[in-house]
Amino acid sequence: MIYKEIVLKYNSRLDDKDLFTIRLFNESFGENEIKLEHDSNRVIILLKEIDINKLKDVSTRFSSYTDKTIFQDLIHSIEQIKSYGIKGKKRNYVDYNKERKVKGRKKKQAKRSQYYYAQGNAFTKEENKFPDKYVNQIIIGNSENILNNIPD
């Protein structure tokens, strides 16, 4: 799976309480949402899509289990991400801007052409001369009177 990765570094090693809390946190979310991995003094956040309110609730609950600020840092670092898509209640951080699959996309694009909205309309090729006194001017007054003085 593809995840957005965020690394949190700490001065001291993660202790047993930290590791236990990380395991509990991971059990609260699915594989396609968020998971935490770790090594000696780092927590690696693997983020796909998340309900931010659920994340805050779970983080608040588990933050008292550890002496480190893992969950406050986690919330802060995720809230700093400004590029995401919304799908229901969840923020999607991976592939949120990829093109949607459309059957026969190329065929539909060719059929539509660039100016599909103007096809079949009998627009006149004749250009009306715009009066010089109105060019690059700010016109103030009754719009009906002014528009009557301008040719069609």
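The values are calculated or read from the model by the stated rules, or taken from the named source; none is laboratory data. All values reported here derive from a predicted model rather than from experimental measurement. Backbone-built Cβ (ideal geometry, glycine too); neighbour counts: all protein chains shown.
Could we say that residue 73 is part of a loop (DSSP other than H, G, I, E, B) and either modelled with pLDDT of 80 or more or more than 25 Å from the chain's Cα centre (by Cα) (or both) here?
no
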Study note, to complete from the structure: Subset of segment 33-63, residues in a loop (DSSP other than H, G, I, E, B) and under 15 Å from residue 94 (Cα atoms), comes to 33, 48, 51
Point to revise | Given (1) of a type in the set (A, V, I, L, M); (2) free of Cβ contacts under 8 Å to residues at least 60 places away in the same chain; (3) in contact with a Leu (Cβ under 9 Å, 6 or more places away or on another chain), number of the condition residue 138 does not satisfy | key: (3)
Review point. In segment 13-33, is there at least one residue being within 19 Å of residue 68 (Cα to Cα), within 24 Å of the chain's Cα centre (by Cα) and buried (at least 18 other Cβ atoms within 10 Å of the Cβ)?
Key: no
Check your understanding: Between residues in segment 56-85 that are free of Cβ contacts under 8 Å to residues at least 12 places away in the same chain and residues that are exposed (fewer than 15 other Cβ atoms within 10 Å of the Cβ), which pairs lie under 7 Å by C-beta distance while being six or more apart or on different chains?
Key -> 63/72
**Study point:** Hits in segment 49-71 - residues which are closer than 21 Å to residue 84 by Cβ and not acidic (Asp, Glu)
**Key:** 50, 52, 53, 54, 55, 56, 58, 59, 71
Check your understanding: If you check residue 78 against the conditions, is it surrounded by 14 or more Cβ atoms within 10 Å (Cβ to Cβ) and of a type in the set (Val, Ile, Thr)?
Key -> yes
Study note, to complete from the structure: With criteria (1) modelled with pLDDT of 80 or more; (2) exposed (fewer than 10 other Cβ atoms within 10 Å of the Cβ); (3) not in a helix (DSSP H, G or I), residue 144 comes up short on (3)
